[in-house]
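Since the structure comes first, as structure tokens, the remarks are kept for the end.
The values are calculated or read from the model by the stated rules, or taken from the named source; none is laboratory data. A quick note: this is a predicted structure, and the numbers were derived from the prediction, not measured. Positions of Cβ are generated from backbone atoms using ideal geometry, with glycine treated the same way; all protein chains shown enter the neighbour counts.
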Amino acid sequence: MAEVVVSKTGLFSSCHHQNMSLFPKTSGSSNLSVSFPPKSDFHGQRIGLQQLGRPFPTPQFQPVHSQLQPGFRIGKAHKWWEKGNQPNMKEVTSAQDLVDSLLNAGDKLVVLDFFSPGCGGCKALHPKICQFAEMNPDVQFLQVNYEEHKSMCYSLNVHVLPFFRFYSGAQGRVCSFSCTNATIKKFKDALAKHKPERCSLGPTKGLEEKELLALSANKDLEFTYTPKEVEAVPARAVEESFVTAPSCSVRESFPLPSTTLKSGKISEERSIVSAGR
């Protein structure tokens, strides 16, 4: 092995800027040929050069280990429709979940919020909806993502965003409208008007019959619905109601004469009844 005493900094700077040659010029006895510029700044530091024809050793790199603590995790970025959500706000996952959530709400006022992640009006209105949910903890807010449930929204005839529907106990759907930040008063007035003060009589209605049928007819949804059977009224009961009702009202107004009366009085009372008729 041939050794040359050179400076590290001088060697690489000279190679880069002054075209120092490290390749053999002749095929003489020496296997190493090194030429240097006339002026160099070598300071006598010793380095070793391998003989020509042998590769230089490949540098070994040490893996860089992460300095993060074992319990540290990078937090997941929240979507805008998830920021500021209150405990009484819930995102609908399916048609069955929507129907069950409305039926299980009981007498609570339920607000259906139809939105889309790419809707600028929906994004701007979301903080206000969260404020209303915080001020009205007894109202249930259901969020329906239009992009994930397009087929379901189509069956419910929702074609404009942002869109809201209000449901109240046994009354079912009480209002539906679209509003933005400019018309937020419409939402505030509807919330104050339809917020129940008393328990409603009868079971919770939820979606309308035609909406349930439309959802069940949609092949893209895993939802089944059996229409309620209407109880048939017997024909005999209908005939009795038409026959007995007029006679009862007449008898109450004008009682029939008794057969124990004399002939003169009977004829007089019969004339009064006929006149009254």
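Among the residues of segment 57-70, none qualifies, meaning not one is part of a loop (DSSP other than H, G, I, E, B), at pLDDT 90 or above, over 30 Å from Pro203 (Cβ atoms) and small (Gly, Ala, Ser). Condition (residue is within 27 Å of Ala170 (Cβ to Cβ), of a type in the set (A, V, I, L, M) and touching a residue at least 40 places away in the same chain (Cβ under 8 Å)) applied to segment 114-126: is it met by at least one residue? No - not one qualifying residue is present in segment 114-126.
Take segment 218-238 and flag every residue that is modelled with pLDDT under 70 and not hydrophobic (A, V, I, L, M, F, W, C).
To start, the set of residues in segment 218-238 that are modelled with pLDDT under 70 comprises 229-238.
Within segment 218-238, Glu229, Glu231, Pro234, Arg236 qualify.
Of the residues in segment 106-116, at least one is assigned to a loop (DSSP other than H, G, I, E, B) and at pLDDT 95 or above. Inspection of segment 125-136 finds a residue satisfying the criterion of being surrounded by 12 or more Cβ atoms within 10 Å (Cβ to Cβ), in contact with a Pro (Cβ under 6 Å, 6 or more places away or on another chain) and at pLDDT 90 or above. Of the listed requirements (1) touching a residue at least 40 places away in the same chain (Cβ under 8 Å); (2) of a type outside the set (Lys, Arg); (3) out of contact with any Gly (no Cβ under 9 Å at 6 or more places or on another chain), Met135 misses just one: (1). Taken together, the residues in segment 171-211 that are at pLDDT below 90 and acidic (Asp, Glu) amount to 1. If you go through segment 104-113 and keep only what is in contact (Cβ under 8 Å) with a residue 60 or more places away in the chain and either crowded, with 16+ Cβ neighbours inside 10 Å or of a type in the set (Gly, Ala, Ser) (or both), you end up with Ala105, Gly106, Lys108, Leu109, Val111.
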